[in-house]
Amino acid sequence: MNLQNEILSKHADGAAGRLLNKVAVITGAASGIGKEIALSFAREGAKVVIADLDQHAAQKAASEIDPMGERALGVGMDVSNEEQVERGMAQAIETFGRLDVLVSNAGVQIVAPLVDFDFDKWKKMLSIHLDGAFLTTRAALRQMYSQKSGSIIYMGSVHSKEASPLKAPYVTAKHGLVGLAKVVAKDGVRANVICPGFVRTPLVDKQIPEQARELGISEADVIKAVMLKETVDGEFTTVQDVAEAALFLAAFPSNALTGQSMVVSHGWFMQ
Ligand code: NAD
């Protein structure tokens, strides 16, 4: 059964779905973790907006969920561009009439020793991760305040808690998201951070040869001795693991769980 039929038959069977008719915007959802979150939210009855820099891939992912466009919308959006975020968020709200969940997930990785880090690359990293979170949050809050409901999930990382060499702007930005989530929570909208360990997505696959080069070790050693060294079982976290955590946070029924960060990392980092 294809995904769309699976989703339709599930709801025709009367299965309520943990996010039935909730509207979720997920940034960076044309690939990797964000795409899996969009799929899992749709399976639970949500209407999903897949917002991504890659407009074609965003529309393709949306039409995999619903080719009719009634329950899924693909939107081209650079999260670090104010005008594009305002336009994309407005399109999402206009299309589905409300906004219940924002997953601020879009992100990239650039690794280099701090002493050599190019200033433009530093600014690009902070802009995508932090400006992107701020701009999408600001647009979401206006709608969530007027509805008097909503929930925001930030895609942090174990690097929201822990440092690694070569990743100064990433670690800086991911720590910053924890602060932003706490402010949003204090301001009255439920906000939490998911902190995954290493997940095999294009973002990580790109880093393996880069880190091997920078550290002067083999790619196998980057995986074993760097990425998975501190886990309890030597395993990667999966996109499904992270999507399950996102679903739990999105569907949580009260404000008891807010301003928190949840580490999903096979025990790499324990708080
Ligand atoms: P990915 O490369 O598979 O997907 C990232 C998506 O973000 C892509 O579709 C890309 O087009 C989009 N994107 C990039 N820049 C954008 C921009 N300016 N505006 C809008 N969209 C943009 O990567 P992923 O591993 O799924 O990463 C998703 C999030 O998870 C990131 O925030 C990343 O830091 C975080 N994360 C990943 C891992 C991991 O190991 N993969 C671990 C912890 C946290």
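The values are calculated or read from the model by the stated rules, or taken from the named source; none is laboratory data. Remember, it's a predicted structure, so these values are computed and weren't measured experimentally. Note that we place each Cβ from the backbone using ideal geometry, even for glycine, and neighbour counts take in every protein chain shown.
A few remarks follow.
- Being in the same structural domain as Ser151 (by TED's automatic domain parsing), within 12 Å of the ligand (Cβ to nearest atom) and part of a helix (DSSP H, G or I) is a condition met by no residue of the stretch 46-53.
- A single entry from Lys121, Lys161 fulfils the requirement of being basic (Lys, Arg) and under 27 Å from Lys229 (Cα atoms): Lys161.
- Checklist (1) away from the ligand (no atom under 14 Å from the Cβ); (2) within 16 Å of His129 (Cβ to Cβ); (3) among the charged types (D, E, K, R) applied to Glu244, failing item: (2)
- Taking residues in the stretch 161-174 that are of a type in the set (Phe, Trp, Tyr), and partners anywhere that are not in a helix (DSSP H, G or I), the pairs with Cβ atoms closer than 9 Å and at least 6 places apart or on different chains are Tyr170/Gly107; Tyr170/Val108; Tyr170/Gln109; Tyr170/Ile110; Tyr170/Val111; Tyr170/Ser157; Tyr170/Ser164.
- Of all residues in the stretch 206-220, none satisfies being in the same structural domain as Phe119 (by TED's automatic domain parsing), touching a residue at least 24 places away in the same chain (Cβ under 8 Å), in a helix (DSSP H, G or I) and farther than 25 Å from Asp241 by Cβ.
- Going through (1) crowded, with 17+ Cβ neighbours inside 10 Å; (2) more than 14 Å from the ligand (Cβ to nearest atom) one by one, Met125 falls short only on (2).
- Among (1) outside any helix (DSSP H, G or I); (2) away from the ligand (no atom under 12 Å from the Cβ); (3) of a type outside the set (Lys, Arg), the one test that Ala106 misses: (2)
- Yes/no for Leu39 being closer than 20 Å to Gly150 by Cα and either assigned to a loop (DSSP other than H, G, I, E, B) or more than 16 Å from the ligand (Cβ to nearest atom) (or both): no
- The number of residues in the stretch 168-188 being buried (at least 22 other Cβ atoms within 10 Å of the Cβ) and either assigned to a loop (DSSP other than H, G, I, E, B) or away from the ligand (no atom under 14 Å from the Cβ) (or both) comes to 1.
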